[in-house]
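Structure first, commentary second.
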Amino acid sequence: MQLFGKQAGRRFAVAACAATMTGAGLVGLAAFAWAGTSQVMIDNFTFGPQELTVKVGDTVTWTNQDDIPHNVRASGGATFKCPVMDTGSTCQIPFNTAGEFSYFCGLHPKMTGKVIVKE
């Protein structure tokens, strides 16, 4: 089937848009595939490691291995947070901006930690 005029132009525009969207999706998937995951364990009223260095785009997973609930709350102007986690529960936070991000347990404010995010 041969297309002419407006109909051909529309087909081309739709095909180009689909190709662009597919390409962007693949780029997004590739970036996601390269992102890392780092672990922070919560045990005996302590975040371990207390200070963690990751790369931009990495995700940090907090795992509560303590016998009591804990959570994670950002301090110093950052806004990330994890809900209360019972024993065995996890929370994941992606870090997409370079900087130093301090945090604490909202239930036990003496528990503190820091995530350092580098380019």
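Nothing in this text is a laboratory measurement; each read-out follows from the coordinates by a stated rule. Predicted model, so just to flag it, every value in this text is computed and none were measured.
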Given the Cα-Cα distance of LYS118 and ALA35 and 0.36 nm per residue of separation, how much length would full extension add, in nm? 28.6 nm
Across the Cα atoms of segment 44-115, what radius of gyration and what greatest pairwise Cα-Cα distance (Dmax) are found, in Å? 11.4, 33
